[in-house]
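These notes concern the structure reproduced below.
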Amino acid sequence: MTLFGDSRAMAPLASRLRPDSLDEFVGQEHLLGPGKVLRQLIERDQISSMIFWGPPGVGKTTLASIIAGKTKSEFINFSAVTSGIKEIREVMNRAEQSRRVGLRTVLFVDEIHRFNKAQQDAFLPYVEKGSIILIGATTENPSFEINAALLSRCRVFVLKALEEADLIRLLENALRNPRGFGNQNVKISADNIKAIAAFADGDARTALNTLEMAVLNGEISAEGITVTTEGLSQCISRKSLLYDKTGEEHYNLISALHKSMRNSDPDAAIYWMMRMLEGGENPLYIARRLIRFASEDVGMADSRALQVAVAVYQACHFLGMPECDVHLTHAVVYLSMAPKSNALYTACESCKRDVREKNAEPVPMQIRNAPTGLMKELGYGKGYEYAHDTEEKLTHMQCMPEGLKDRIYYHPTEEGEEKKTAERLKEIKKFREDK
């Protein structure tokens with residue numbers, strides 16, 4: 001209680017509903033389901049240094065809060081945003097003093113990836129000595145953002161984006177729970193709850209914040225509060241409120257985008273891409289499809305297309321929506337206007353069929369490695385020709401298995417830069433035919 005009433009009641013919905021136990025926690029069944037290792041470590045208070053890695057709103061801080069309630073150790077909450085080396089050393093010295101009298105210290109560091117190398121190094125000796133049990137939370141890949149020495153002393157637990165069913169369960173609980181809207185008689189349709197869950201895209205905090213905004217802007221009557229589709233649409237700011245990212249319309253739109261680019265129609269491609277974004281589609285999903293398109297439909301006709309697509313995926317990862325929409329537009333236009341070749345795709349599919357349907361052919365002896373004397377005696381590597389020793393940097397050596405020696409998978413086109421590849425391949429084949 002405060003001078004102004006119950007402070008928890010005035011907190012945002014996501015804070016009011018923060019679980020106090022693992023039984024209330026929603027999602028992450030692969031880590032916290034019955035018998036799973038992380039659940040057992042928490043319940044037995046036997047945790048060691050660990051990193052929680054996952055997107056926003058999946059429960060990293062909530063798990064730390066549950067651990068704080070379960071552990072018999074001193075629990076210190078630390079933020080990488082507001083703390084520096086001085087604060088780290090003060091906490092470490094306090095933890096070292098506690099260790100000397102037999103007390104453990106659990107240190108939770110939110111957004112640990114924001115610490116620089118020097119700040120992360122300050123933790124290392126105390127983690128090694130056992131002065132602290134470090135729990136870090138990060139949205140970034142720990143392999144790139146956390147020092148290797150520190151990371152090697154921590155166990156990484158990957159938290160996944162919540163499933164739509166998890167979010168629906170979370171929202172329904174918020175409507176029933178007295179800490180949420182359980183005392184306010186809120187009426188909202190199942191379709192609108194599903195729309196909020198779809199919009200949240202795996203983020204529990206976004207789902208609860210959106211629900212709270214919708215209820216606060218709902219229609220008030222003597223019977224209670226009604227959340228209408230029109231009111232929710234304003235909160236979500238999406239025209240396609242009920243766009244289903246796993247249903248037929250999802251596949252219709254990605255098909256339309258793919259075929260518009262293949263048909264070199266940048267205007268249509270931009271339109272279908274924007275329909276998906278405005279419907280709440282994850283921009284990284286679109287970016288992944290563009291990477292596939294760059295090799296499947298452009299390929300060797302313009303190998304830079306793959307570089308552009310991968311760069312745009314990274315830009316979407318760094319920025320997210322709404323800023324990354326222009327980067328996706330960049331890739332969509334580039335891919336639409338690039339020369340087209342499906343030679344890589346057809347080569348891939350043709351070879352895949354042979355590998356699956358034909359017998360596994362033995363590797364020709366001449367291109368086998370021979371690291372031991374016995375293998376040399378058996379003929380491994382016999383007849384191998386080193387291409388760099390020749391003037392043409394080519395040999396007549398057969399690399400295909402005997403049963404497939406005349407099989408051709410890659411048929412280059414005359415489109416764009418692939419024309420040069422076709423000419424080069426023709427020269428190579430002529431050289432080998434003239435032996």
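None of VAL332, VAL355 is loosely packed, with under 13 Cβ neighbours inside 10 Å and either out of contact with any Pro (no Cβ under 8 Å at 6 or more places or on another chain) or touching a residue at least 12 places away in the same chain (Cβ under 8 Å) (or both) except VAL355. Screening the range 381-435 for residues that are among the β-branched types (Val, Ile, Thr) and free of Cβ contacts under 8 Å to residues at least 40 places away in the same chain and picking the one that is surrounded by the most Cβ atoms within 10 Å (Cβ to Cβ) gives THR395. You will find that of ALA294, ALA269, ALA347, the residue that is assigned to a helix (DSSP H, G or I), open to solvent by 10 Å² or more (accessible area, probe 1.4 Å) and not polar (S, T, N, Q) is ALA347 and no other. If the condition is being hydroxyl-bearing (Ser, Thr, Tyr), at pLDDT 80 or above and surrounded by 19 or more Cβ atoms within 10 Å (Cβ to Cβ), then the range 53-104 contributes only THR62.
For residues in the range 105-164 being under 18 Å from PHE75 (Cα atoms) and hydroxyl-bearing (Ser, Thr, Tyr), which is most open to solvent (accessible area, probe 1.4 Å)? Taking the candidates together, the pick is TYR126. Look through the range 202-253, keep the residues that are open to solvent by 40 Å² or more (accessible area, probe 1.4 Å), in a loop (DSSP other than H, G, I, E, B) and of a type in the set (A, V, I, L, M), and return whichever of them is modelled with the highest pLDDT. Restricting to residues being open to solvent by 40 Å² or more (accessible area, probe 1.4 Å), in a loop (DSSP other than H, G, I, E, B) and of a type in the set (A, V, I, L, M), the top hit is ALA222. Residues that are within 18 Å of ASP20 (Cβ to Cβ) and of a type in the set (S, T, N, Q) within the range 38-72 comprise THR61, THR62, SER65, THR71, listed in sequence order.
Criterion first (of a type in the set (A, V, I, L, M, F, W, C) and touching a Gly at 6+ places or on another chain (Cβ under 8 Å)) does LEU151 satisfy it? So LEU151 does not fit the description; no. Being open to solvent by 60 Å² or more (accessible area, probe 1.4 Å) and under 30 Å from MET273 (Cβ atoms) holds for only one residue in LEU378, LEU306, and it is LEU306.
Scanning the range 385-419 for residues being within 24 Å of GLU349 (Cβ to Cβ) and among the charged types (D, E, K, R) gives a total of 9.
The values are calculated or read from the model by the stated rules, or taken from the named source; none is laboratory data. Everything quoted here is computed from the prediction, not taken from an experiment. Note that each Cβ is placed from the backbone with ideal geometry, even for glycine, and that neighbours are counted across all protein chains shown. All accessible areas refer to the heavy atoms of the entire protein, side chains included, with ligands and DNA or RNA removed. Shrake-Rupley method; radii C 1.70, N 1.55, O 1.52, S 1.80 Å.
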